[in-house]
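Before any comments, here is the structure.
The values are calculated or read from the model by the stated rules, or taken from the named source; none is laboratory data. Just so it is clear, the model here is predicted, and its values are computed rather than measured. Note that we place each Cβ from the backbone using ideal geometry, even for glycine, and neighbour counts take in every protein chain shown. These accessible areas exclude ligands, DNA and RNA; they are computed on the full protein's heavy atoms, side chains included. Shrake-Rupley method; radii C 1.70, N 1.55, O 1.52, S 1.80 Å.
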Amino acid sequence: MSSSALPPADVPSVIDGRYKVEKLLGRGGMAHVFAVQDSVRRQRVALKRMLPPADLDKRGRNLDLFEREFSMLAQLAHPRIVQAFDFGVDGQDAYYTMELLEGRELQSLAPLPWREACAVARDVCSALSLLHSRRFVHRDVSPRNVHCLTSSR
């Protein structure tokens, strides 16, 4: 996902009456991710909001995929995989919330010293091992989807 600070103009300032949008964290082909303040949990979380497809006939299929993504993520407990919290639909827009990661995307840290690179690779492999043991496949393993929380940079 590429990132920007300002949310798109068509994004409400509050989603589903409880999530106050603070900033856009990233944009992808199927969804945008925002940093939001959850008035119920009283904490900052990340909110992934599904984009309406250009072809409205695909909306049902995309919604099924999006909900399946949330369900899969909600089943996982691993220190290197974000924790999912809630799924909902606000009007026509589906969303889910998850742990808000601090730190930086791996792509912004390259090149890493070899010891740090090995530690990151070990953590990614550990997370992927859990996914594969559950017969899940991550379809977008990339430096923009790996966050480094402890890098010295």
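Kindly indicate which of F70, F85, F66 is in contact (Cβ under 8 Å) with a residue 40 or more places away in the chain and surrounded by 12 or more Cβ atoms within 10 Å (Cβ to Cβ). Full working, then the answer.
On the way: F70 fails: in contact (Cβ under 8 Å) with a residue 40 or more places away in the chain; F66 fails: in contact (Cβ under 8 Å) with a residue 40 or more places away in the chain.
Testing whether each residue is in contact (Cβ under 8 Å) with a residue 40 or more places away in the chain and surrounded by 12 or more Cβ atoms within 10 Å (Cβ to Cβ) leaves just F85.
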Check: Since L76 meets every condition but one in (1) farther than 14 Å from A31 by Cα; (2) touching a residue at least 24 places away in the same chain (Cβ under 8 Å); (3) open to solvent by less than 30 Å² (accessible area, probe 1.4 Å); (4) in contact with a Phe, Trp or Tyr (Cβ under 7 Å, 6 or more places away or on another chain), which condition does it not meet?
Finding: (4)
Check: How many residues does segment 4-32 hold that are without any contact (Cβ under 8 Å) to a residue 40 or more places away in the chain and farther than 17 Å from Q92 by Cα?
Finding: 13
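To keep it simple, each residue is scored yes or no on (1) out of contact with any Gly (no Cβ under 6 Å at 6 or more places or on another chain); (2) within 26 Å of S13 (Cα to Cα); (3) open to solvent by less than 70 Å² (accessible area, probe 1.4 Å); (4) in contact (Cβ under 8 Å) with a residue 12 or more places away in the chain.
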position	(1), (2), (3), (4)
V40	yes, yes, no, yes
V45	yes, yes, yes, yes
R49	yes, yes, yes, yes
R80	yes, no, no, yes
Q92	yes, yes, no, yes
P111	yes, no, no, no
Notebook entry, point to check: Tell me, which strands (runs of 3 or more DSSP E) wholly within segment 29-98 include 1 or more residues that are among the acidic types (D, E)?
Noted result: 31-38, 84-90, 93-98
Notebook entry, point to check: So how many residues does segment 123-153 have that are open to solvent by 90 Å² or more (accessible area, probe 1.4 Å), among the basic types (K, R) and part of a helix (DSSP H, G or I)?
Noted result: 0
Checklist line | Selection status of L149, under 16 Å from the mean Cα position of the chain (by Cα) and closer than 21 Å to H32 by Cβ | finding: no
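Tell me the residue from V120, V124, V141, V146 that is of a type outside the set (S, T, N, Q) and closer than 24 Å to E22 by Cα, please. Don't jump to the end; show me each part of the working.
Working: V120 fails: closer than 24 Å to E22 by Cα; V124 fails: closer than 24 Å to E22 by Cα; V141 fails: closer than 24 Å to E22 by Cα.
Exactly one residue qualifies, and that residue is V146.
Does any residue of segment 106-122 turn out to be within 23 Å of V36 (Cβ to Cβ) and either part of a helix (DSSP H, G or I) or among the charged types (D, E, K, R) (or both)?
Initial filter on segment 106-122 (within 23 Å of V36 (Cβ to Cβ)): 108.
Add one more test, that the residue is either part of a helix (DSSP H, G or I) or among the charged types (D, E, K, R) (or both), and what stays is 108.
Yes, there is a match, as at least one residue in segment 106-122 is within 23 Å of V36 (Cβ to Cβ) and either part of a helix (DSSP H, G or I) or among the charged types (D, E, K, R) (or both).
Right, E102: at pLDDT below 95, charged (D, E, K, R) and in a helix (DSSP H, G or I) or not? Let's see the steps before the verdict.
Working: at pLDDT below 95: yes; charged (D, E, K, R): yes; in a helix (DSSP H, G or I): no.
Spelling it out, it is not the case that E102 is at pLDDT below 95, charged (D, E, K, R) and in a helix (DSSP H, G or I).
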Check: For segment 24-76, what are the residues that are among the small types (G, A, S) and either modelled with pLDDT under 95 or farther than 27 Å from R135 by Cα (or both)?
Finding: G26, G28, G29, A31, A35, S39, A54, G60
